[in-house]
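The values are calculated or read from the model by the stated rules, or taken from the named source; none is laboratory data. Quick caveat: nothing in here was measured; it's all calculated off a predicted structure. Backbone-built Cβ (ideal geometry, glycine too); neighbour counts: all protein chains shown. Quick note on the areas: whole protein, heavy atoms, side chains included, nothing else; ligands and nucleic acids left out. Shrake-Rupley method; radii C 1.70, N 1.55, O 1.52, S 1.80 Å.
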Amino acid sequence: MQIYDPQCIDEKWQEKWEGFGIYKAIDGDKRPKFYSLVMFPYPSGDLHMGHMRVYTISDVISRIKRMQGFNVLNPMGWDAFGLPAENAAIKRKLHPGAWTEQNIKFMRDSQLKKLGTSYDWDREVTTSTSDYYRWTQWIFLQFYKAGLAYRKSAPVNWCPDCATVLANEQVENGACWRHLETPVVQKQMDQWFLKITAYTEPLLNDLDKLTGWPERVKVMQRNWIGKSEGAILNFTVENKPNVRISVFTTRPDTVFGVSYLVLAPENPLVKELTTPENQAKVKEYVEQAGHKTELERMATEKSKTGIPTGSHVVNPFNGDIVPVWVSDYVLMGYGTGAVMGVPAHDERDFAFAQTFSLPITQVISAKDATESHLKAAYVDDGIMINSGIFTGLKNTDAVPKMIKWAQENGSGEGKTNYRLRDWLISRQRYWGAPIPLIHCEACGIVPVPDDQLPVELPIEGITFTGEGGSPLGKTESWLNVSCPQCKKPARRETDTMDTFIDSSWYYLRYADAKDNKEAFAKELVNYWMPVDQYVGGIEHAILHLLYSRFFTKALRDLKLVDCDEPFSNLLSQGMVTMYSPVSGRIEKMSKSRGNVVGTTDFFKRYGADAARLFTLFAAPPEQELEWSEEGAVGQFRFLSRIWRLVQGLIERGEINPAAESVDPAKLDAKGKSLLQLTHRTIKAVTEDLSQERFSFNTAIARCMELVNGLYAYVGEGSSNKDEIKLGDDEKNLVSFAVRNLLLCMAPMAPHISEELWHQIGAAGGNDDSIHVHPWPKFIDALTISDEIELVLQVNGKIVNKVSVTRGIAKEKIEELALADDKVKAKLNGSVVRKIIVVPNKLVNVVI
RNA sequence: ACCCUCGUAGCUCAGCGGACACAGAGCUCCUGCCUUCUAAGCAGAGGUGCGUUGGUUCGAAUCCAACCGAGGGUGCCA
């Protein structure tokens with residue numbers, strides 16, 4: 001008997017599959033389309049087993065759908081612009097393009113292909129090559145022309161380590177998302193933005209359409225967009241009738257409880273309103289606040305600081321005169337940079353008022369409309385008190401009335417605010433798509449004409465030092481051009497685009513990857529889009545997924561695509577963890593933590609199928625997965641077990657390759673039960689692998705049970721196994737079971753399934769493949785036996801089980817139960833109060 | 001502080017629109033067989049009352065409530 005040698009089988013089939021061309025997606029095919037997408041990798045150079053999880057999951061999905069008769073698009077590409085390439089260039093004196101290219105070659109040929117993935121490599125895209133970024137630039141210009149791209153001077157987040165600015169989405173806890181130890185600093189700079197805020201409402205509302213997305217991702221996006229409805233209220237400054245402070249509040253109903261106003265330190269009104277005697281102190285406070293990083297501001301969350309300006313304002317509702325303070329708990333970037341302080345009904349205001357002994361006026365009471373001594377802010381709904389003409393109303397009813405009153409009296413209006421900001425896309429780095437604009441002294445900003453695209457990155461004469469700003473700004477030959485409009489000398493824009501722009505449209509390019517006339521043909525994009533199943537990490541819950549949704553909507557409005565949501569179904573796979581000798585804990589698999597398992601070694605020893613199976617089996621896809629060598633070897637053993645089973649059958653001549661169906665009438669009880677097990681397995685695996693479940697781990701467990709059942713049936717355990725000879729009907733049955741086992745395993749363990757499929761003679765020829773064979777069908781009637789185990793209970797406790805024929809009458813069951821010896825013993829003559837019968841399942845005798 | 005997920009055999013996971021599960025799969029452990037030895041393999045055995053408490057029910061791992069524990073996310077957004 002040949003032993004299971006995955007290395008040789010893997011290689012053989014990977015080569016053959018390339019020749020077969022069975023993984024090619026066919027544009028406009030008659031079969032229903034299925035677009036299966038996995039988040040494309042950054043070509044960092046080396047994938048480990050932890051990375052492989054996402055590709056395995058997505059590949060299995062693609063393979064199932066292919067077998068189920070879909071025209072599957074399963075593409076792969078490279079998110080190849082970005083800082084690591086540039087940093088590597090600085091370190092190794094190698095051009096980022098060359099470094100990237102060699103990484104891609106290794107990751108494609110020695111890693112992803114060796115995993116046995118079924119990508120259509122004809123559609124491979126690399127975002128850093130000019131045939132791709134040409135269209136990134138073109139799309140940018142369409143946005144620019146539509147008013148969705150603009151330049152403004154703004155306070156921006158600067159990461160000193162990246163030596164570039166970052167978008168809001170790329171700042172985590174006040175630090176750079178790539179350098180969690182590096183606080184970002186605020187700088188005032190001229191920068192390019194994309195107007196994602198033009199799509200705030202659709203981005204928010206259409207989340208409801210995304211029924212195939214995990215709830216937590218949608219919640220995160222909702223929070224990020226941060227819609228809040230309320231009002232702008234205007235407070236006139238005392239003795240300065242021309243100056244007013246506008247505040248945004250979600251609680252206009254609490255305005256009668258205002259005891260002070262607070263300005264953000266950056267608010268220009270601070271200067272104007274600070275009275276001479278407070279000048280020095282306020283200036284000092286504002287300066288201190290300005291020096292604090294975002295991180296430091298947050299660290300002082302608990303204790304409130306602040307300082308009075310000396311000015312006062314008039315409450316438009318009740319005429320109260322209240323002081324104006326400055327405090328860094330108010331942010332300039334949100335609302336109006338000023339808030340009204342209502343200590344009785346806001347926790348932060350309560351803390352502030354306590355710190356500085358400011359009055360606390362209750363204006364909403366729980367239920368009895370009386371004032372109580374508040375020990376904490378009362379933030380719930382209730383009845384209005386101390387609120388002039390609004391007293392006595394329910395606060396929720398008062399809100400619209402009060403907004404109306406403010407409007408009529410010129411002291412405010414209803415207003416909806418969002419947290420979402422426009423997307424800052426300028427990067428002061430080399431390795432990205434150049435922003436295709438030209439600065440001309442005479443004409444201003446001029447787009448590069450379409451026929452001059454791409455604006456290629458200069459390669460000659462560039463040196464990477466990592467210092468002194470972007471290399472583009474120092475390359476005169478590239479920088480100096482003539483203005484496309486007036487032909488006078490002009491200069492190129494030196495900023496490149498955020499790499500998240502590259503990944504915001506790559507899924508559209510796959511539909512028409514080699515097009516050199518346009519970014520993508522509308523017809524092809526409309527055929528393939530939207531993506532039917534997207535698989536990727538939760539870390540992109542906001543970033544990439546929000547940007548892509550924005551791009552799709554904007555491109556739809558530019559009439560370039562028809563769909564308005566790019567990804568119908570989303571699966572966020574959990575991370576892969578392992579014991580780290582560095583920290584002594586179980587942590588995410590990563591190089592820096594010293595807990596990586598390489599792919600090459602593993603594939604050589606146990607094969608790609610064992611790697612795939614373990615990854616799928618060890619945990620449900622959304623959950624964390626702890627990598628274990630033993631567990632992975634266990635899958636190798638399982639595969640060996642299948643191998644030996646089939647080899648044994650072949651050697652003894654017990655395989656009938658044509659066994660596509662089995663007549664149950666010709667089988668004995670043991671045979672029938674194996675047939676049922678086979679149909680049950682097909683059914684269970686089909687359901688487990690369906691898009692609603694993606695329960696790969698249980699599908700594998702089902703296959704294991706079938707293998708156990710097969711072994712039990714062919715009696716391999718007995719010592720004289722070589723002598724066992726099955727009759728024709730039994731051979732037929734066993735062959736049928738094996739065929740279906742292989743079909744069920746094929747998406748998950750593609751190599752061994754293909755090899756054995758050919759060995760048992762089920763393939764239609766040498767160039768046929770199990771992976772294009774239709775998915776097996778089960779016969780529901782054959783998943784269940786005629787005999788059922790009827791459970792006999794007394795007071796809900798199981799006392800016995802008896803075998804009866806399916807569909808037996810209720811009365812018969814009751815009779816049977818009362819006649820049973822064990823039931824009788826339990827009843828012991830007691831009076832039967834009632835009998836509950838669940839047909840074909842159980843009977844419960846209540847006493 | 002809020003939100004989410006999870007808590008079933010030594011371990012990792014199934015089972016949760018009530019009952020074909022007196023709980024299933026793999027790994028680990030143990031015994032025997034096979035083998036010159038080791039590894040691999042084969043056969044067999046063992047093990048858990050389902051985080052805690054209470055409730056609903058004829059019946060709960062499965063539904064409800066509270067609590068405890070673990071992990072993750074968000075966060076001065078007015």
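May I ask you to give the percent of accessible area on chain A that is carbon plus sulfur, with a probe radius of 1.4 Å?
On the way: 18780 of 37150 Å².
Exposed carbon and sulfur together represent 51 percent of the surface.
Collect residues whose amide H, placed 1.01 Å from N in the peptide plane, falls under 5 Å from the amide H of A:F34; neighbours closer than 5 in sequence don't count.
A:N71, A:V72, A:L73
Modelling each spin label as a point 7 Å along the Cα-to-Cβ direction, I'd like the A:E15/A:K91 distance in nm, to one decimal.
Inter-label distance under the simple model: 3.6 nm.
Using helices alone, what [θ] at 222 nm do you get for chain A, with -39,500 (n - 2.57) per DSSP H run of 4 or more residues, divided over all residues and rounded to the nearest 500? Kindly include the intermediate steps, with their values, before the conclusion.
Values: 25 runs with 295 residues, N = 847.
Computed mean residue ellipticity for chain A: -11000 deg cm²/dmol.
Say the dipole of chain A comes from +1 at the beta carbon of Lys and Arg and -1 at that of Asp and Glu; which of A:S411, A:F193, A:T136 then lies farthest toward its positive end?
Toward the positive end, the furthest listed residue is A:S411.
For the range A:700-847, count the residues as N, evaluate 2.2 N^0.38 Å, and divide the Cα radius of gyration by that value, please. Numbers along the way, then the final one.
On the way: Rg = 22.7 Å, N = 148, 2.2 N^0.38 = 14.7 Å.
Taking the Cα Rg and dividing by 2.2 N^0.38 Å, one obtains 1.55.
Using a Förster distance of 56 Å, how high is the FRET efficiency between A:D29 and A:T465, based on the Cβ-Cβ distance and rounded to 0.05? Intermediate values should be presented prior to the final figure.
Details: r = 52 Å, r/R0 = 0.92.
The pair A:D29/A:T465 has a calculated efficiency of 0.60.
Taking the convex hull of the Cα atoms, report for the range A:538-587 its projected area averaged over all directions, in nm². List each step's numbers first, then the result.
Numbers: hull surface 18.3 nm².
Averaged projected area of the range A:538-587's Cα convex hull equals 4.6 nm².
Label-point separation (nm) for A:D564 and A:R222, each offset 7 Å from Cα along Cα-to-Cβ?
It works out to 1.9 nm between the two label points.
Restricting to bridges with both residues inside chain A, how much of the DSSP beta-bridge set is antiparallel, in percent to the nearest 5?
Working: 75 of 98 bridges.
Around 75 percent of the beta bridges assigned by DSSP in chain A are antiparallel ones.
Residues of the range A:97-128 with backbone nitrogen within less than 17 Å of a virtual label 7 Å along the Cα-to-Cβ line of A:S592, please, listed as ranges.
none
Using 0.36 nm times the number of residues separating A:N168 and A:A442, minus their current alpha carbon distance, what extension gain do you get? Intermediate values should be presented prior to the final figure.
Working: separation 274, 0.36 × 274 = 98.64 nm, distance 3.36 nm.
So the extension gain works out to 95.3 nm.
Report the Stokes-Einstein translational diffusion coefficient (µm² s⁻¹, integer) for chain A, Rh taken as the Kirkwood radius over Cα pairs, at 25 °C with viscosity 0.890 mPa s. Walk me through the numbers on the way to the answer.
Values: Rh = 32.3 Å.
Roughly 76 µm²/s, to the nearest whole number.
Set Lys and Arg Cβ to +1 and Asp and Glu Cβ to -1, take the dipole of chain A about its Cα centre, and tell me which of A:N569, A:V339, A:L37 lies farthest positive.
Towards the positive end, the residue furthest out is A:V339.
Over the range A:586-670, what is the relative contact order in percent, taking alpha-carbon pairs closer than 8 angstrom and at least six residues apart?
Details: 29 pairs, mean separation 16.5, N = 85.
Reported as a whole number, the value is 19 percent.
Where the centroid of each part is defined by its Cα atoms, how far is the range A:492-562 from the range A:323-391 in Å?
Rounded to whole Å, the Cα centres lie 46 Å apart.
Let me have the relative contact order for chain A, percent, based on Cα pairs under 8 Å that are six or more residues apart. Mind dumping the intermediate values first?
Numbers: 1533 pairs, mean separation 119.2, N = 847.
Dividing the mean separation by the residue count of chain A yields 14 percent.
Once you keep just the Cα pairs under 8 angstrom separated by 6 or more residues, what percentage relative contact order results for the range A:691-838? Let's see the in-between values first.
Values: 89 pairs, mean separation 18.2, N = 148.
Relative contact order comes out at 12 percent.
What's log10 of I(q)/I(0) for the range A:352-504 at q = 0.16 Å⁻¹, Debye sum over Cα points only, no solvent?
For the range A:352-504, the Cα-only Debye profile gives -0.96.
How big is the equivalent ellipsoid of the range A:153-217 along its three axes, where each semi-axis is √(5λ) from the Cα gyration tensor, reported in whole Å from largest to smallest?
On the way: eigenvalues 165, 59, 11 Å².
Largest first, the range A:153-217 gives 29, 17, 7 Å.
Determine the distance separating the Cα centre of the range A:778-812 from the Cα centre of the range A:592-644; give it in Å without decimals.
If you average the Cα positions of each part, the centres end up 40 Å apart.
Against the longest alpha carbon principal axis of chain A, how many degrees, from 0 to 90 and to the nearest 10, is the axis of helix A:96-106 turned?
Long axis of A:96-106 versus the principal axis of chain A: about 20 degrees.
About the Cα centre, and with charges only on the beta carbon of Lys, Arg (+1) and Asp, Glu (-1), how big is the dipole of chain A? Nearest 20 debye, please. Could the numbers behind the result be given before it?
Working: 98 positive and 107 negative charges, 133 e Å.
Using only the charged Cβ atoms, the result is roughly 640 debye.
May I ask you to order A:163-175, A:47-59, A:498-510 by the average number of other C-beta atoms within 10 Å around their residues, highest value first? Walk me through the intermediate numbers first.
On the way: A:163-175: 18.3, A:47-59: 23.2, A:498-510: 24.9.
Output ranking for A:163-175, A:47-59, A:498-510: A:498-510, A:47-59, A:163-175.
Please compute the modelled spin-label separation between A:N242 and A:E371, points set 7 Å along Cα→Cβ, answer in nm with one decimal.
Computed distance between label sites A:E371 and A:N242 equals 3.9 nm.
For chain A, what is the accessible area per residue in Å² when the probe is 1.4 Å?
Numbers: 37150 Å² over 847 residues.
Accessible surface, normalised per residue, equals 44 Å².
What is the calculated FRET efficiency for A:R644 to A:S673, with r their C-beta to C-beta distance and R₀ = 25 Å, to the nearest 0.05? Before the final figure, lay out the partial values.
Working: r = 23 Å, r/R0 = 0.90.
Efficiency computed from Cβ-Cβ geometry: 0.65.
Using +1 at the C-beta of Lys and Arg and -1 at the C-beta of Asp and Glu, which of A:V156, A:S357, A:I225 has the Cα lying farthest in the positive direction of the dipole of chain A?
My answer, from the dipole projection, is A:S357.
Say a paramagnetic label sat at a point 7 Å from the Cα of A:E347, along Cα to Cβ; which residues of the range A:370-414 have their backbone N under 18 Å from it?
A:374-381, by backbone N distance to the label point.
What is the extension gain from A:E789 to A:S110, computed as 0.36 nm multiplied by their sequence separation minus the C-alpha to C-alpha distance, in nm to one decimal?
Full extension of this stretch gives 239.2 nm more.
Please turn the phi angles of the range A:155-168 into ³J(HN,Hα) values with the Karplus equation 6.51 cos²θ - 1.76 cosθ + 1.60 (θ = phi - 60°), one per residue in order, whole Hz, x for glycine and proline.
These are the phi-based 3J(HN,Hα) values: x, 10, 8, 10, 9, x, 6, 7, 6, 7, 8, 10, 6, 3 Hz.
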